[in-house]
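The structure under discussion appears below in the form of structure tokens.
The values are calculated or read from the model by the stated rules, or taken from the named source; none is laboratory data. Please read these numbers as outputs of a predicted model, since none were measured by experiment. Positions of Cβ are backbone-derived with ideal geometry, glycine not excepted, and every protein chain shown enters the neighbour counts.
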Amino acid sequence: MSDIFQFDEHFWQYFHELFEALPRQGPGLDESTRHALGLLPPLGPDQSILDIGCGSGVQTLELARRSPARITATDLHRPFLEILKRNAMAQGLDERISTVVADMADLPFPDRSFDVVWAEGCSFIVGFARALELWRRLLKPGGRMVVSEFTWFSDDIPAELREFCVPDPTEDASPAGRRASIAAAGYELLHEFRLPPEGWSKSYYGPLQVQLDGFAARHAGTPAAMNVVAHCRQELELSRKYGDRYGYTFFIMGLRD
């Protein structure tokens, strides 16, 4: 969520090492993935889902378990997709899941290719409003888009939290601001719901804290790795202080006629 894109390739090398060890690369819950899927029209085996920025694919696997649709999962970091492929094969889901290394800002698919476009906790990478505009062309007529995105849950946002989570001062991350971006991009908002707190504490921050201690010990004295550690520890501390003031919201949209 923060402006981590200022860091160089050495930061990203260690960042990916740490995050490859996590079950999820961001907040989420299988229960929330299932709930969002249940709010869509039923999908059949001849229909398709595009899972953008899938990471190691925890939600991809849940979609495959709960739907007969074909799934294309994309991420820019190939090792995440390799983890997904191994897990899909182990669960007997590999025949319905294909993976593509791709930049979410330049996805290599024709217009109107997918019945559902799905993106959990990743649209901030290109910006929520821009992501909605970029991905709109990929939806078939009558298709649905499901995006979980960072949202303020309070009007009282301390400067240190705002600067870390939403460094662009022009971005309105309030619920009203997210809804306005959805409308401006040509969608109808059909449903929205919040990711429960355990989607952060249990699924993301808990495992991150466990891995972070060992990571810091292994790479003590390596500046790029210590930058990753400092970044993550800052996020954990902000969560401890202000975790009730922000979260993720699932937005389920259809194209406006």
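Test of understanding: among 68, 45, 110, which residue is modelled with pLDDT of 95 or more and either of a type in the set (Ser, Thr, Tyr) or more than 25 Å from residue 137 (Cβ to Cβ) (or both)?
When all the criteria are applied, what remains is 68.
So which of 185, 159, 216 is closer than 29 Å to residue 39 by Cα and of a type outside the set (Phe, Trp, Tyr)? Can you show your working first?
Numbers: 159 fails: closer than 29 Å to residue 39 by Cα; 216 fails: closer than 29 Å to residue 39 by Cα.
Of the residues listed, the single one that is closer than 29 Å to residue 39 by Cα and of a type outside the set (Phe, Trp, Tyr) is 185.
Step by step: first the residues of region 110-138, then only those that are under 22 Å from residue 34 (Cα atoms) and in contact with a Leu (Cβ under 6 Å, 6 or more places away or on another chain), then the one that is surrounded by the most Cβ atoms within 10 Å (Cβ to Cβ). Which residue is that?
Looking at residues that are under 22 Å from residue 34 (Cα atoms) and in contact with a Leu (Cβ under 6 Å, 6 or more places away or on another chain), I get 117.
Of 13, 91, which residue is at pLDDT below 95, over 27 Å from residue 173 (Cα atoms), touching a helix residue (DSSP H, G or I) at 6+ places or on another chain (Cβ under 8 Å) and not aromatic (Phe, Trp, Tyr)?
Unique residue meeting the criteria: 13.
Restricting to region 124-154, give me the number of residues that are modelled with pLDDT under 95 and within 20 Å of residue 196 (Cα to Cα).
1
I'm trying to understand the selection: among the residues of region 110-133, which are of a type in the set (Asp, Glu) and outside any helix (DSSP H, G or I)?
Matches in region 110-133: 111, 115, 120.
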